[in-house]
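A.B. asks: Would you mind keeping the following structure in view while I ask a few things?
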Amino acid sequence: MSDIKLACEIAEQVRAICDKHRNDPGELINILHEAQHLQGYLPEEMQRIIASKLGIPVSKVYGVVTFYTFFTMAPKGKHPISVCMGTACYVRGSEKLLDEFRRVLGIDVGETTPDGKYSLDCLRCVGACGLAPVVMIGEKVYGRLQPVDVKKILDELE
């Protein structure tokens, strides 16, 4: 499928999501969640379509996208890695885990590896404090990790 055809198809899907929510500006967050699911992120053009359909300024959509950490304007890697930096995880060494992921992957927080395999982020709390420190990779939670575990986990994902 050509890039133009794909872009048109995605634009139509975004419009359909807005229509499903009656083009109600009060449904913006729900619309953004569904729209992000289409590509894994919310590019500028997608935000413009949503703003137009809801009759609100693009700046309002952008403000919501940049305020909530769940939303992203950049593509995520095939394996999105989120290191928990909540209190329990932090005091049990999550910062050292984050440093090791940075070192091994050669990227910083908010970046994606050049091959598109991994992206690295932090989050506030996974809700698995008893397993601290915790890392989520996709939907899977890894607990009680040490920096020496990082390479092994990444090797398993290959």
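A.B. asks: Need the failing condition index for residue 17 against (1) more than 21 Å from the chain's Cα centre (by Cα); (2) outside any loop (DSSP other than H, G, I, E, B); (3) surrounded by 14 or more Cβ atoms within 10 Å (Cβ to Cβ), just the number.
C.D. replies: (1)
A.B. asks: Taking residue 25, is it assigned by the TED database to the domain that holds residue 10, over 13 Å from the mean Cα position of the chain (by Cα) and surrounded by fewer than 14 Cβ atoms within 10 Å (Cβ to Cβ)? Explain how you work it out, then say what you get.
C.D. replies: Details: assigned by the TED database to the domain that holds residue 10: yes; over 13 Å from the mean Cα position of the chain (by Cα): yes; surrounded by fewer than 14 Cβ atoms within 10 Å (Cβ to Cβ): no.
Taking the combined requirement at face value, the residue does not satisfy it.
A.B. asks: For segment 50-69, which positions are buried (at least 20 other Cβ atoms within 10 Å of the Cβ) and under 23 Å from residue 138 (Cβ atoms)?
C.D. replies: Within segment 50-69, 65 is the sole residue that qualifies.
A.B. asks: Filter segment 29-49 down to the residues that are among the hydrophobic types (A, V, I, L, M, F, W, C), in contact with a helix residue (DSSP H, G or I) (Cβ under 6 Å, 6 or more places away or on another chain), assigned to a helix (DSSP H, G or I) and buried (at least 16 other Cβ atoms within 10 Å of the Cβ) and list them by number.
C.D. replies: Hits for segment 29-49 are 31, 35, 46, 49.
The values are calculated or read from the model by the stated rules, or taken from the named source; none is laboratory data. Since this is a predicted model, take the numbers as computed values, not measurements. Using ideal geometry, Cβ is built from the backbone for each residue, glycine included, and neighbour counts are taken over all protein chains shown.
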